[in-house]
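Some notes on the structure that comes next.
The values are calculated or read from the model by the stated rules, or taken from the named source; none is laboratory data. This one's a predicted model, so the numbers in the text were calculated from it and none came from an experiment. We place every Cβ from the backbone using ideal geometry, glycine too, and count neighbours over all the protein chains shown. Heads up: the accessible areas ignore ligands, DNA and RNA and are worked out on the full protein's heavy atoms, side chains in. Shrake-Rupley method; radii C 1.70, N 1.55, O 1.52, S 1.80 Å.
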Amino acid sequence: MANALDPHAAIATTASGLTGGALRTADGRPLVRALARSQKRARRRAFLLVLPLLAFVLITFVVPIGQMLQRSFYNDGFSANMPQLSQWFADHPRGTEPDEAAWAALAADLTASAEARTIGVVGTRINYDVPGTRSLFTSTGRQVRRGLEPPYRAALLDINDDWAEPRLWSAMREASRPVTGNFYLAALDRSRADDGSIQQVEPRQRVYVMLFMRTFWLSLLITAITFVLGFPIAHLLATLPMRRSNLLMILVLLPFWTSLLVRTTSWMVLLQQQGVINDILVWLGVIGGTGRLQMIYNQTGTIIAMTHILLPFMILPLYSVMRTINPSYVRAARSLGATSWTAFRRVYFPQTLPGLGAGALLVFILAVGYYITPALVGGSSGQLISNMIAMHMTDTLNWSMAAALAALLLAAVLLLYWVYDRMVGIDNLKLG
Amino acid sequence: MTRRLIAGAALALLAAGAAAAQDGQIAITTYGGAFGEALNESLVKPFTQETGIGATMIDNDDPPAKLKAEVEAGNVTSAIYDVEQSDVIALCDEGLIEPIDPTILQAGADGSAAADDYLPQALHDCATAIMVWSTVIAYDTEAFPDATPATVADFFDLEKFPGKRGIIKRPKYALEFALLGDGVAPDQVYEVLSTPEGVDRAFAKLDTIKDQVVWWEAGAQAPQLLADKEVAMTLAYNGRIFDAIVGESKPFAFVWDGANLDMDYWVVPRGAPDMEAAMEFIAYASNPQRQADLSKYIAYGPPRKSAAASVGTYKDGATDMKPYLPTTPENAEKALVNDAGFWADHGSELTERFNSWLAGS
């Protein structure tokens with residue numbers, strides 16, 4: 001009986017034997033119920049204590065991410081402002097030639113939208129799919145406010161021939177439903193053809209898939225380099241006498257505490273063509289004055305600067321795990337005849353895996369979302385997907401597109417986390 | 001007792017607010033900094049002196065966002081906002097700013113009508129331009145001892161002018177500039193750029209210098225790249241290069257050929273509390289002499305042609321500003337006026353193509 005070890009349960013059992021009924025408190029209530037009530041109260045109090053944190057996380061983390069994800073597939077810029085035409089699209093299947101009723105609906109919606117001054121929003125939404133149409137909407141909007149006479153097809157075509165474009169009508173049909181997968185398609189370098197089928201965009205417009213692959217490849221590479229560089233340092237930190245390891249620790253932590261921007265700009269000073277490293281190489285005669293190395297404003301610059309910035313995130317978890325490894329295991333292995341390599345490979349290294357897992361995951365996930373460093377030192381070939389997200393947030397103001405790209409990035413990271421959990425086990429992660 | 005005090009204080013504040021509105025007290029939101037200060041000295045202070053309408057300057061990092069939030073919340077605090085060209089288009093399309101009657105604007109210094117005197121695109125249904133800034137070619141005079149670059153074509157001529165080139169990492173500027181370098185006339189650039197062949201032509205021109213380009217993103221990077229000798233020639237914002245030349249005595253110089261003119265605008269939010277005073281301010285700000293006075297404090301030019309003649313010296317009293325302003329007739333001759341409408345239509349498409357082109361090295 002599980003309760004046998006619980007003193008309260010034992011008393012209850014004995015007591016119930018004496019009274020022949022439930023044990024009661026001094027004021028006569030059943031003890032079980034009183035206990036449950038007091039436990040419930042304690043739980044509620046504990047919950048109230050964490051409530052501010054929960055609210056904080058909800059408000060600052062879950063809600064914005066939720067809204068962002070919603071933006072990636074929900075955009076009612078067209079459907080909310082063009083209700084009649086949206087209704088016509090809903091009533092007529094794809095492939096129906098727009099009849100006079102459709103043109104009338106379009107004219108009515110354009111007039112209403114121009115009156116309400118929402119035509120800019122409508123045009124911007126269609127402009128995402130058919131470049132160059134924003135001004136078609138706004139300029140037509142200015143004209144229809146003066147009034148349109150039926151037949152509406154002729155009247156609108158009279159204002160601008162572009163209204164007859166099948167591509168425009170196809171885009172308007174897509175936008176007539178607020179829920180759309182088009183932004184995800186665009187984020188994968190795909191688009192919808194006029195007949196609704198999915199196709200790849202022209203080769204010279206393709207950019208996102210390549211950037212996703214580059215981002216993941218560079219992040220992997222940087223994770224690998226930080227491992228190669230960080231492992232010996234962490235080992236040194238963990239095994240040196242305290243006084244000297246403290247000094248070394250400061251050397252690791254000092255850059256870690258320095259601002260990201262400062263460290264990135266210092267790399268710019270070091271690496272540029274007239275920079276410190278090139279000057280030294282020229283002075284040593286390794287390279288000629290004209291053959292200065294291009295180490296920045298390209299992928300090399302991104303890799304160097306990001307590796308340096310992310311190195312502490314590899315060293316610190318490794319160090320914290322290595323400190324707890326008992327050195328007598330390796331000594332025991334050696335005394336039983338293992339070579340130092342075997343002892344390292346089969347005894348020491350496996351014990352560092354929890355730290356390595358944590359470090360690798362940290363570095364990789366941070367690298368995937370890196371933005372400032374590639375923006376400053378990446379040039380054209382060192383750009384990552386987050387630079388594209390930032391551009392859509394601030395430059396083109398296509399937040400739906402930014403949200404779709406960010407959602408794909410988030411999904412990829414979650415997938416990676418899941419794979420890691422299946423292969424290594426997330427319980428093996430040790431952060432410090 | 002306390003409650004009565006608070007109520008009394010609130011009433012007094014309300015009354016003061018109402019009185020201020022009656023006296024015509026307006027608030028002006030700008031990007032602030034050196035530009036806000038220059039506006040205050042050259043325009044806002046004289047305005048208050050002459051009209052008796054008090055004006056408060058408010059600094060904001062992102063005036064269009066503040067304007068949008070205030071109008072949508074129905075609580076507009078500033079009667080006047082300073083916004084950039086691309087924002088004017090979006091705000092006006094969305095009905096967030098008031099139309100401005102062009103007849104309130106003052107006549108030019110030479111008596112010409114405002115509509116003829118303002119630069120192309122300086123007058124908009126909902127806005128009037130404040131000043132003109134530009135993106136120009138700047139170079140290190142020490143990099144080319146034998147020759148002086150004078151045209152956009154020289155920027156693309158790596159043989160005559162060897163050395164790295166700095167270009168802002170955006171299709172805007174880069175593509176327009178490439179077409180100018182390929183011999184397209186400034187007034188033809190947007191026409192060419194709106195055709196697929198024109199876009200190909202621009203990229204083909206950029207291809208010729210692609211491996212020599214350092215792409216920059218923040219305005220401060222351009223003078224820094226020049227000072228570090230990382231590039232020999234770069235596109236740069238004219239105000240920054242002016243500061244480097246006059247303030248820091250750097251050996252830099254401009255090429256005005258192919259300068260890309262852009263403007264900031266005054267707008268009045270929908271439902272502004274002091275509409276009349278706001279319009280009075282905008283009319284006052286159209287005074288050519290006042291516009292020329294701005295150049296005394298900062299290297300931006302007046303948005304109307306007839307004001308250029310009145311431009312004097314910098315606030316140090318010694319530097320003649322004419323050679324440094326994008327609007328001085330000799331400088332503006334071959335300039336391109338940036339078309340925000342074109343970029344609102346084609347920006348995302350060209351940005352994608354540009355990024356794809358950049359990445360495919």
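Data for the structure
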quantity	calculated
Highest-MSF residue in chain B out of B:D320, B:D211, B:D182 [GNM, Cα springs under 10 Å]	B:D211
Under Karplus coefficients 6.51, -1.76 and 1.60, residue-wise ³J(HN,Hα) of the stretch B:113-118 in Hz, glycine/proline x	5, 4, 4, 7, 7, 6
Hydrodynamic radius of the stretch B:245-318 per Kirkwood, over alpha carbon pairs, in Å	14.9
Cα gyration tensor category, rounded, prolate or oblate, for chain B with a/c compared to 1.5	prolate
The protein assembly as shown: antiparallel DSSP beta bridges as a percent of all, rounded to 5	65
Candidate aspartates and glutamates - alpha carbon under 13 Å from B:K250, same-chain residues fewer than 8 apart omitted	B:D140, B:E142, B:D228
Taking chain B and dividing mean pair separation by its residue count, relative contact order in percent (alpha carbons under 8 Å, at least six apart)	25
Average other protein chain Cβ within 10 Å of Cβ, residues B:89-100	4
Whole-Hz couplings from phi, Karplus 6.51/-1.76/1.60, listed for the stretch A:301-316; x for Gly and Pro	x, 4, 5, 4, 5, 5, 4, 4, 6, 8, 3, x, 5, 8, 5, 5
For the stretch A:119-173 and the stretch A:205-269, distance of Cα centres in Å	53
Dipole of the protein assembly as shown [Lys/Arg +1, Asp/Glu -1 at C-beta], most positive-end residue of A:G355, A:P203, A:I225	A:G355
Other protein chain Cβ atoms within 10 Å, averaged over every residue that makes up B:341-350	6
For chain B, share of DSSP beta bridges that run antiparallel, in % to the nearest 5	65
Part-to-part distance (alpha-carbon centres) for the stretch B:308-350 and the stretch B:193-245, which is given in Å	17
The protein assembly as shown - percent of accessible surface contributed by carbon and sulfur, probe 1.4 Å	59
Neighbour-limited loop hits for GluC sites (Glu not before Pro), the stretch B:269-361 (at most 11 other Cβ within 10 Å; DSSP other than H, G, I, E, B)	B:E333
Rounded, prolate or oblate (a/c below 1.5 giving rounded, otherwise prolate when a/b exceeds b/c) for the stretch B:107-263 by Cα gyration tensor	oblate
Interface size A-B, as summed buried accessible area [1.4 Å probe, Å², nearest 100]	3000
Global geometry of chain A, whether rounded, prolate or oblate, following the gyration tensor of its Cα atoms and the 1.5 cut on a/c	oblate
Top positive-direction residue, dipole computed over chain B with Cβ charges, set B:T148, B:S286, B:P64	B:P64
Gap separating the Cα centres of the stretch B:74-126 and the stretch A:361-432, nearest whole Å	42
Residue-wise HN-Hα coupling along the stretch B:91-107, computed from phi with Karplus coefficients 6.51, -1.76, 1.60 (Hz; x: Gly, Pro)	5, 5, 4, 8, x, 8, 10, 7, x, 10, 6, x, 6, 6, 6, 6, 6
FRET efficiency, 1/(1 + (r/R0)^6) with R0 60 Å, evaluated for B:S310 and A:L281 via beta carbons	0.65
Neighbouring partner chain Cβ atoms per residue of A:198-209, average, 10 Å criterion	3
Per residue value of the accessible surface for the protein assembly as shown (all protein chains in place, 1.4 Å probe), Å²	48
Length-normalised contact order of the stretch B:228-325 in % [C-alpha pairs under 8 Å, at least 6 apart]	20
